[in-house]
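Each value in this text was obtained by applying a stated rule to the coordinates, not by laboratory testing. Just so it is clear, the structure is predicted and the values come from calculations on it, not from any experiment. Neighbour counts are summed over all protein chains in view; Cβ atoms, including those assigned to glycine, are modelled from backbone coordinates with ideal geometry.
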Amino acid sequence: MNVNDDTARSHLDRSNLDRSNLDLETPEKPYLDANELIINMGPQHPATHGVLRVILKLDGEKVLGTECVIGYLHRGVEKIAENRTYTMFNPYVDRMDYVAAVSNGLGYCEAVEKLMNVEAPARAKYIRVILTELNRVASHQLWLGTHALDIGAMTPLFYTFRDREEILKIFERYCGARLTTHAFRIGGCQYETYAGFEKDVKNFLTFVAPKIDEYEELLTTNRIWLERTKHVGVISGADCVALGVTGPVLRASGVQWDLRKAQPYAAYSDFDFEIPIGENGDTYDRYLVRMQEMRQSLRIVEQAVNAIPEGPIMAKVPKVIKPPVGEIYHSIEAPKGELGYFIVSDGSTQPYRLRVRPPSFVNLQALDIMVRGALVADVIAVIGTLDIVLGEVDR
Amino acid sequence: MLNSFMSYLGSTVTPGEAGNQFWALIYVLIIFTGVSVAVICMNWLERKALAHFQVRLGPMRVGPHGLLQPIADALKLMLKEDIIPAEADQFVFWIAPLIGLLAAFTVYTVIPFGPSQAVSDMNIGILFMLGVSSLGVLGIVVAGWASNSHYPLIGALRSSAQMVSYEVAMGLAVVSAILMTSMNASGTGTLSMIGIVQAQQQQGVWFIFKFFPLGFIAFAIFAIAMVAETNRAPFDLAEAESELTAGFHTEYSGLRWSLFMLAEYAAMIAVSSIAVTLWLGGWMRPFPNLLHAPAWDFIFSLFPGITFGGLAAIAFIGTARMPSHSFFKIQRIGLAVFAALLGFLALLLLVIAVAGRSADASLAARFREGIDYVYWFVLKVAVFMYLFIWYRATWPRYRFDQLMKIGWKVMLPISIGVLMLTAIWALVEPPLWEWMRAHI
């Protein structure tokens, strides 16, 4: 279906979202009499991916309702932005989605560039694409490992971490940092690629392709995996659109929407790749979509690294960045969905207001309608499949 | 005292049957120590094997290749503060791990490590075993209830439902094996654990291959049910760490927690022993009827020595491959000593095998026989232990409703079907043979 179709937005079943008759904090009946059990999952829980707190209302194992409590990792990133210059704020964005820091940096740098009417040189764009796509693979690997661990398969976690290490090594050689890379600058890249960068990337491509098959061997046709993920946490495309859910979760519900194709940024229009979509919008489809996305990312990286142009890596940017008065919204396709930056400039060296549209935060809204009526174990599976990072949810 | 000590030595029955309480006590002590040591070894092996499945090294620091890690862990757990939550039911909280432990260890009284290598040969051995091992669930339920906390409660509910459901299929699979014991001239079966192994010897077939494929299906059902019964992956819902933090033992720590772990591993060994006894010929070496010449006896009796020799060789290779840096000096020496110890054991076993090679009733020959029985039994159990680890490394966890569905809708009908087919086969086969002999 097409995302621009306005009728799709009206299909959201509001009764599903109505929480007025659900008073989660106080059970009506005395403890021993109550059929309902209120349990508190998190903020310290092995499977809530950080400090998410979910209050579950249970009837035995069945989930009657959920309530997400967030904010345990709130650091006031948006407020910090108002007190930093544009350049100084750049490293902070890496700390939001710390497993996909490169994407965060790309989104921010492009937003400020757009505000200043500057365009990064072609070589810088290619380097950006290569690193961002590698980061997408790393992010999906981390998601796969933790998701499988949540569902009880321990081994994929170690396989994915072993292979993710190779990506982090490339990052480390490129910019000195492994996780919070701060790889890009406003106007391009600070660092030229190191000697042997292209060889490293090509080696990685040949190294990781069979490894992805290896993960799939362990899980894709595994009976238990199928039973645990098929028809679990189903969400329709219309619901996704109405809730603003983006990324692999949206695509697994059959909506072909990827900002890399829909409104190409960086150098994505130069590359040939497909957008994998699912049909049923269940956990298994989201798994398949992400596995396919990893392969597509490798395709993009391969094309980019073979066609990387020569030239400067920085555009002409003044030493002190003072964008003209105005506002800008720029979004990119981060591994978890649409990552947007809304910047209001008053013409000074600091943003007047900076608002981040984090994919994890928006996607987390879907948790409630995905797990209503499911079992406790499904809540864990759905939290895993939403692929949230609490650093980004709380900012 | 000395008299009662010596009088049993020539006997060929279990101390329980001989009425010798002194030797029964010694057997109990040996088995208790043996199982505890096995649990410690299992702990180390599981961590190492699991680590190697998962491309990592596992414990490497405490002792050479982490050999002392289980001991260090045990010490740590014993020294930890003993916490009983304020809201918990103190007495029940205190007694719950002991119930589990007691159930797990009591089972070993009837497990036959050899024709006379058991504490007692009860004539209702298998019933006793199933009954006592299912008491283990009580410890878990009570622990979850006494903790007075949500996650343990859900864990306990899950585990009780799970164990009760799988007990049914398990029991029916066991009955079909017991039916097979009656396939002899007199037509009477047995419930005695020793009797079941002897029946396999008389019929010249392990029950896993009997009435093929019925024996195998019954065995497979038991093998699945026993994983569920011991709460191990992929059926480890009771302690599903990603869902219920630690399930029924969330509130437990220190020594009490380690008692739960001890009980879990002891129960794993116990159910594996039942499977080995019922379907895999118990203590019997491969082909005892086909290769029965004394020469074969001698060759097979070399196996324990060879096994330990192999382990010693692995340890020696490990020593040689250790880094030659002086940091590793102590570890190298430790591993070399361990290898030498294993080598010494291997030598000892070989000496016993050679000294006891005559088939007479001398003490050395009896001793050699006993070692053989225990060796083959433990080897078969060890295969199951490895499978437990392998399952854990490979499979995701089932969801609660799926677990129940498999138990009641798949395993139960199959096991009933197998039981009925086995009974029909057992009824039809002997007359059929008669008829064929008469007419063909």
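Structure summary
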quantity	calculated
Unsatisfied cross-links (Cα-Cα over 23 Å) in the set A:57/A:79; A:211/A:261; A:169/B:329; B:210/B:380; A:62/A:336; A:79/A:125	A:57/A:79; A:211/A:261; A:169/B:329; A:62/A:336; A:79/A:125
Per residue Cα convex hull volume in Å³ - calculated over the protein assembly as shown	226
Normalised contact order of chain B, rounded percent, pairs of Cα under 8 Å and 6 or more residues apart	20
Computed Rg/Rh of the stretch A:232-310, alpha carbon atoms with Kirkwood Rh	1.05
Span-rule helices in chain A, defined as complete DSSP H runs reaching 18 Å or more along the axis (Cα) with Kyte mean at least -1.0	A:101-116, A:122-151, A:155-175, A:197-219, A:283-306
Cut-off under 5 Å, modelled amide H: who pairs with residue A:274 long-range	none
Top of B:232, B:158, B:366 by mean-square fluctuation, Gaussian network on chain B, Cα under 10 Å	B:366
Label-to-label distance, nm, for residues given as residue B:329 and residue A:231 (7 Å Cα→Cβ offset)	6.7
Nearest-0.05 FRET efficiency for residue B:435 and residue B:202, computed from C-beta distance (R0 30 Å)	0.85
Separation between Cα centres of the stretch B:207-285 and the stretch B:82-142, rounded to whole Å	14
P(r) histogram, all alpha-carbon pairs of the stretch A:77-353 included - 10 Å bins from 0, percent	7, 29, 34, 22, 8, 1
Of the chymotrypsin sites (Phe, Trp or Tyr not before Pro) in the stretch B:192-253, those whose Cβ has at most 16 other Cβ within 10 Å and which sit in DSSP loop	B:209
Fully extended contour minus Cα-Cα distance, from residue B:188 to residue B:28, at 0.36 nm per residue	54.5 nm
Extension gain from residue A:348 to residue A:316, taking 0.36 nm per residue of separation minus the Cα-Cα distance	9.6 nm
For residue A:58, distant residues with modelled amide H under 5 Å away	A:37, A:38, A:39, A:64
Residue exposure sequence - A:191, A:215 - by fewest surrounding Cβ within 10 Å	A:191, A:215
Nonlocal amide H pairs with residue A:334, under 5 Å, H built at 1.01 Å	A:339
For chain B, diffusion coefficient by Stokes-Einstein and Kirkwood Rh (Cα), 37 °C, 0.692 mPa s, µm²/s	138
For the stretch B:293-303, Karplus couplings with θ = phi - 60° (6.51, -1.76, 1.60), whole Hz, Gly/Pro x	5, x, 4, 5, 3, 5, 4, 5, 6, 7, 4
Cβ-based exposure ranking for B:42, A:314, in which fewest neighbours within 10 Å come first	A:314, B:42
The stretch A:77-353: relative contact order as a whole-number percent, Cα under 8 Å and 6+ apart	29
Ranked B:12, A:246, A:155, criterion: other C-beta atoms within 10 Å, fewest first	B:12, A:155, A:246
